[in-house]
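Below you'll find the structure, written out as structure tokens, and then a few comments.
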Amino acid sequence: MDFISQRLQALSPSATLAMSQKSNELKAQGIDVINLSVGEPDFFTPDHIKEAAKQAVDDNFSFYSPVPGYLSLRQAISDKLKNENNLDFTPEQIVVGNGAKQSLCNTVLCLVNHGDEVIIPTPAWVSYVQMVNLCGGKSVLVPATIETDFKITPEQLENAITEKSKLIILCSPSNPTGSIYSKEELAALAAVLARHPQVMIIADEIYEHINYVGKHESLAQFPELKDRVAVINGVSKAYAMTGWRIGYVAAPLWLAKAVNKLQGQYTSGASSIAQKAAEAAYRGSQQCVEDMRQAFMRRRDLITGLLQEIPGMELRVPHGAFYVFPKVDAFFGKRCGDTVINDAGDLAIYLLEKAHVASVAGDAFCCPGYLRMSYATSDENIIEAVARIKAALAELK
Ligand code: PMP
Ligand code: GLU
């Protein structure tokens with residue numbers, strides 16, 4: 001007898017978290033694994049943010065927080081959206097959750113009925129399709145390739161929309177590709193979406209500040225999409241606060257109210273202490289964000305330069321986030337001893353076992369034939385990891 005609900009049976013585990021766990025297990029056995037699998041800044045949370053959390057403990061922020069988050073934090077987010085993005089969201093339109101992941105899942109749960117179609121440009125972050133599965137929705141994958149810098153065209157979007165389309169989830173800067181849609185490219189997608197008012201839009205902007213080509217452009221800026229865009233963001237990536245678990249959705253009021261209702265029955269308000277820390281992140285100096293962005297950009301240049309020297313790896317230089325996403329299908333069909341590489345999953349396992357470098361197969365991002373590596377790690381780790389990868393790949397014949 002299988003007691004597990006069909007809903008859960010339709011859910012796959014997170015490949016990014018699974019690979020990271022595997023690499024931690026190997027590390028615990030004393031193996032010197034370099035973990036390029038999970039995407040999280042390796043920096044410590046900036047001191048002024050940590051001080052705010054300590055102060056919150058001393059000030060007895062120990063009671064349940066309001067379900068959508070403290071008004072002071074939502075006001076700080078509202079101000080951030082106005083000042084940085086020129087977007088108008090009142091605090092009532094913002095719901096703070098346990099990380100951008102929960103805010104995203106809440107929003108998907110509030111929108112998607114059984115059988116609804118959800119358009120997901122791919123390569124896409126691992127959790128989107130699974131969140132749609134949780135709702136019994138149908139993911140309609142729209143593939144972008146390395147040739148188009150992993151960005152979909154307006155024609156592809158138009159062709160993917162049907163009368164059953166309910167939602168599109170667009171991520172820019174993108175995990176896993178690091179691609180960024182320009183304002184013109186977003187405007188062209190917005191023009192298509194404007195013709196299909198039955199489609200809601202989730203703009204996942206969690207990598208907003210890790211942008212090497214200029215100012216962040218939000219899909220929520222276009223007047224023709226007014227009241228149809230839910231913006232997802234949070235403090236995890238920009239402020240090196242992945243473990244604090246604070247993210248948010250900024251949405252039309254009716255949707256924010258629905259998310260609030262769901263969260264009220266499900267998890268309640270996010271951690272009081274972490275919220276006060278997040279408020280300090282938004283209200284304080286933004287120099288830390290810029291310093292980390294510069295460090296990521298330097299590392300991007302380092303890792304792309306090194307990977308491009310490996311014969312068989314095809315790579316586009318990413319414009320944002322902290323991932324490289326090389327095409328690796330040139331290694332398929334090759335072998336080392338008894339080990340045969342048939343796909344990117346085999347290659348990721350081979351690199352983990354042979355080179356002790358953890359990466360994630362593109363399959364998890366709906367894009368077989370590629371590997372994702374996070375370069376949110378030290379220069380020494382990057383140099384050593386690529387040297388090991390190069391040596392292991394050279395052994396494949
Ligand atoms: N969206 C994308 C594209 C991500 O890469 C992540 C990181 N896991 C999230 C959302 C969730 O972020 P958080 O850690 O705030 O839950
Ligand atoms: N966003 C990170 C990643 O893609 C964190 C892992 C996760 O939440 O799946 O690796």
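Some points to look at:
- Qualifying residue in segment 69-92 (condition: touching a Ser or Thr at 6+ places or on another chain (Cβ under 6 Å) and of a type in the set (F, W, Y)): yes
- Restricting attention to segment 201-236, the residues being within 16 Å of ligand 1 (Cβ to nearest atom), polar (S, T, N, Q) and outside any loop (DSSP other than H, G, I, E, B) number 2.
- Taking the numbered list (1) away from ligand 2 (no atom under 16 Å from the Cβ); (2) outside any loop (DSSP other than H, G, I, E, B); (3) closer than 23 Å to Q93 by Cβ in turn, E155 passes all entries but (3).
- Residues of segment 122-138 that are within 14 Å of ligand 2 (Cβ to nearest atom) and either assigned to a loop (DSSP other than H, G, I, E, B) or over 16 Å from the mean Cα position of the chain (by Cα) (or both): P123, A124, W125, V126.
- Helices (runs of 4 or more DSSP H) enclosed by segment 1-93 - at least 1 residues per element that are under 29 Å from A203 (Cβ atoms) and within 16 Å of ligand 1 (Cβ to nearest atom): 15-28, 47-58, 71-85
- Test result for Y239, in contact with a Ser or Thr (Cβ under 7 Å, 6 or more places away or on another chain), closer than 26 Å to L219 by Cβ and either modelled with pLDDT of 95 or more or in a strand (DSSP E or B) (or both): yes
- Filter result (surrounded by 22 or more Cβ atoms within 10 Å (Cβ to Cβ), away from ligand 2 (no atom under 12 Å from the Cβ) and among the polar types (S, T, N, Q)) within segment 99-121: S103, N106, T107
- The residue that is nearest to A10 (Cα to Cα), counting only those in segment 158-175 that are within 16 Å of ligand 1 (Cβ to nearest atom) and not in a strand (DSSP E or B), is N175.
- Applying a threshold of 8 Å to beta carbon distances and a minimum spacing of six or more residues, or different chains, the list of pairs starting in segment 259-288 at a residue that is under 15 Å from S78 (Cα atoms) and touching a residue at least 24 places away in the same chain (Cβ under 8 Å) and ending at one that is part of a helix (DSSP H, G or I) and of a type in the set (D, E) reads A280/E51; Y282/D79.
- Positions within segment 176-187 being outside any helix (DSSP H, G or I) and not aromatic (F, W, Y), in sequence order: P176, T177, G178, S179, I180, S182
- Residue in segment 252-266 that is at negative phi, within 16 Å of ligand 1 (Cβ to nearest atom), surrounded by 22 or more Cβ atoms within 10 Å (Cβ to Cβ) and not in a helix (DSSP H, G or I) present: no
- Residues of segment 179-219 satisfying the condition of being over 18 Å from I232 (Cβ atoms) and either polar (S, T, N, Q) or touching a strand residue (DSSP E or B) at 6+ places or on another chain (Cβ under 8 Å) (or both): S182, H196, Q198, Y212, V213
The values are calculated or read from the model by the stated rules, or taken from the named source; none is laboratory data. Quick caveat: nothing in here was measured; it's all calculated off a predicted structure. Note that each Cβ is placed from the backbone with ideal geometry, even for glycine, and that neighbours are counted across all protein chains shown.
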